[in-house]
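Engineer: First, the structure itself, so that you have it in front of you.
The values are calculated or read from the model by the stated rules, or taken from the named source; none is laboratory data. Just so we're clear, the structure is a prediction, and the values are computed from it rather than from any experiment. Please note: Cβ atoms are built from the backbone with ideal geometry, for glycine as well, and neighbour counts cover all protein chains shown.
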Amino acid sequence: MSVSVTVADGLNDRIRAAADRAVADVAVDRLPGFMRDIDEVALLAMAWALRGGGLFRDGSHTESEIAAATRTADRHRWILRRWLGALSKAGMLWGDGSTFTRLRTVGRRELREAARGLAGSGDGLGYPASMIAFLQRSFSHLPALLRDDIGVQALLFADGEADTADGAYRENSVNRYVNAAAAEAARWAAERRPAGAPVRVLEVGAGVGGTTTDVLGALADVPVDYVFTDVSTYFLDLGRERFGGRAGTRFALLDANAAPLGGGVVDPGTRDLVVAANVLHNAHSIDACLRGVRDLLAPGGLLLCVDTCRELPQILASMQFLMSPREGRPGPGAHDFRAGTDRVFLSRTEWEAALRSAGLTPVASAPGPDHPLDAVSVTLFAAQRQV
Ligand SMILES: C[S@@+](CC[C@H](N)C(=O)[O-])C[C@H]1O[C@@H](n2cnc3c(N)ncnc32)[C@H](O)[C@@H]1O
């Protein structure tokens, strides 16, 4: 029999207020229009990239013909299919389900000018110039990205530095907002620990530590047992450099797809918080992964999950390339309801259903669906383990 321990009264208001304070200097009302502007350039870039190999002069083409003419790598075929869908939805391509025709003509000059127009457009919106520069680099390299001649990592970590990733995950207003919400939820959890007992945190896919910075900052005056994990040693080294000086931090490799989740790293039923920002969509099975998270949480513990709830063209023409599996390996959603759909991101409703079915009760989220930042579609979900 399950006993409800949901004691999250007030948490929703508290995290939304803290998140709003973190972006008080930003003209958030302008963000939806700014996102639309970037998406329009992303769509132009896709249309430009698909004109390679003499396609679309006249007649129609199947997806296979387009893949052959653009020399799309097999592992990126799913991205090509998403582009065809996005362009059709935007009215820039016409398809009957099996063939495509009438692709909007976009020349290199039009794309260059549209991309240039984005420079400076994020001013006052808390959107770093490094992020715009990264998107411009991605858009102009789309043919090579499709062919797998270059990796998006090389564009993201230009000169081997994490500056752009910092811009993407730490410094822009959207992440400032959700990370402040996560930090407030962490404070809420700390207030519920016995005096002097450490707040026990596992962070999954911690990466450049955008969320870590805020969550650890919110826990500055309490002891912590903070396990910073990632699937890549590059980020563990970066994490050690950035956070290793704080007492109670540990660093470990952890794959969100491992079963059992966290084996050998943390004990089941011990975590007050599991933090997972912009990573859980990578799960082969979101259900198995969330059940793994639930098992690691102490009763009443919170999962703080940040994720994108809508597929924006600007992501499809940049970060999405990070999500293509190596040849022969399963991709995101390969073993759950997303299988065969080429979808990576879950909608808000799908997240809430997946959390519930894993035994995690959604108790708070930010932004709400009526907030201007919802246009960016990055959302923090706080979900609580029941007894
Ligand atoms: C988009 S980044 C987000 C980084 C960070 N959480 C943030 O929001 O600032 C995704 C991170 O998840 C990690 N990652 C990807 N697949 C993973 C997996 N299966 N298990 C654990 N981490 C994974 C990547 O190495 C990367 O650091």
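Engineer: Go through segment 23-41 and give me each residue that's within 24 Å of residue 142 (Cα to Cα) and in contact with a Phe, Trp or Tyr (Cβ under 8 Å, 6 or more places away or on another chain).
Structural biologist: Hits for segment 23-41 are 34, 41.
Engineer: Suppose the filter is assigned by TED's automatic domain parsing to the domain that holds residue 34, modelled with pLDDT under 95 and under 14 Å from residue 46 (Cα atoms); does residue 120 pass it?
Structural biologist: Criteria not met by residue 120.
Engineer: Further question on the same structure: From the residues in segment 7-53 that are in contact (Cβ under 8 Å) with a residue 40 or more places away in the chain and in a loop (DSSP other than H, G, I, E, B), which one is farthest from residue 87 (Cα to Cα)?
Structural biologist: So the residue we want is 7.
Engineer: Now a separate question. Criterion first (buried (at least 19 other Cβ atoms within 10 Å of the Cβ) and within 13 Å of the ligand (Cβ to nearest atom)) does residue 224 satisfy it?
Structural biologist: no
Residues checked against (1) at pLDDT 95 or above; (2) in contact with a Phe, Trp or Tyr (Cβ under 7 Å, 6 or more places away or on another chain):
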position: 193; (1), (2): yes, no
position: 197; (1), (2): yes, no
position: 201; (1), (2): yes, yes
position: 204; (1), (2): yes, no
position: 210; (1), (2): no, yes
position: 234; (1), (2): no, no
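Engineer: Yes or no: segment 56-69 includes at least one residue that is assigned by TED's automatic domain parsing to the domain that holds residue 136, out of contact with any strand residue (DSSP E or B) (no Cβ under 6 Å at 6 or more places or on another chain), part of a loop (DSSP other than H, G, I, E, B) and surrounded by 16 or more Cβ atoms within 10 Å (Cβ to Cβ).
Structural biologist: Checked segment 56-69: at least one residue is assigned by TED's automatic domain parsing to the domain that holds residue 136, out of contact with any strand residue (DSSP E or B) (no Cβ under 6 Å at 6 or more places or on another chain), part of a loop (DSSP other than H, G, I, E, B) and surrounded by 16 or more Cβ atoms within 10 Å (Cβ to Cβ).
Engineer: Next question. For segment 261-277, what are the residues that are over 21 Å from the mean Cα position of the chain (by Cα) and either within 18 Å of residue 351 (Cβ to Cβ) or basic (Lys, Arg) (or both)?
Structural biologist: Once the filter is applied, which keeps residues that are over 21 Å from the mean Cα position of the chain (by Cα) and either within 18 Å of residue 351 (Cβ to Cβ) or basic (Lys, Arg) (or both), segment 261-277 yields only 271.
Engineer: What are the residue pairs meeting all of these: first residue in segment 342-369, first residue assigned by TED's automatic domain parsing to the domain that holds residue 176, second residue among the β-branched types (Val, Ile, Thr) and part of a helix (DSSP H, G or I), Cβ atoms under 6 Å, and 6 or more apart or on different chains?
Structural biologist: 354/286; 364/15; 366/15
Engineer: Something else about it: Residue under question is residue 182, and the condition is that it be within 15 Å of the ligand (Cβ to nearest atom), buried (at least 24 other Cβ atoms within 10 Å of the Cβ), under 17 Å from the mean Cα position of the chain (by Cα) and of a type outside the set (Asp, Glu); does it hold?
Structural biologist: In short, yes.
Engineer: Listed residues 267, 230, 272, 214; which is closer than 27 Å to residue 379 by Cβ, touching a helix residue (DSSP H, G or I) at 6+ places or on another chain (Cβ under 9 Å), away from the ligand (no atom under 11 Å from the Cβ) and of a type outside the set (S, T, N, Q)?
Structural biologist: Just a single option satisfies the conditions, and that option is 272.
Engineer: Something else about it: For segment 259-297, which residues satisfy the criterion of being surrounded by fewer than 22 Cβ atoms within 10 Å (Cβ to Cβ) and among the acidic types (Asp, Glu)?
Structural biologist: Scanning segment 259-297 gives 267, 287, 295.
Engineer: Only one of these conditions is not met by residue 111: (1) among the hydrophobic types (A, V, I, L, M, F, W, C); (2) closer than 26 Å to residue 342 by Cα; (3) assigned to a helix (DSSP H, G or I). Which number is it?
Structural biologist: (2)
Engineer: Taking only segment 86-128 into account, find how many residues are under 21 Å from residue 23 (Cβ atoms) and without any contact (Cβ under 8 Å) to a residue 24 or more places away in the chain.
Structural biologist: From segment 86-128, those under 21 Å from residue 23 (Cβ atoms) are 118, 120-128; that's our starting set.
Remaining after also requiring without any contact (Cβ under 8 Å) to a residue 24 or more places away in the chain: 120, 123.
The qualifying residues number 2.
Engineer: Does residue 373 satisfy being touching a residue at least 40 places away in the same chain (Cβ under 8 Å), assigned to a helix (DSSP H, G or I) and not small (Gly, Ala, Ser)?
Structural biologist: Answer is yes for this residue.
Engineer: Residues of segment 120-142 being part of a loop (DSSP other than H, G, I, E, B) and under 30 Å from residue 55 (Cβ atoms), which ones?
Structural biologist: Passing the criteria: only 141.
Engineer: Working only within segment 233-254, note down all residues that are near the ligand (Cβ under 8 Å from one of its atoms) and either more than 19 Å from the chain's Cα centre (by Cα) or closer than 29 Å to residue 192 by Cα (or both).
Structural biologist: Selection gives 254 alone.
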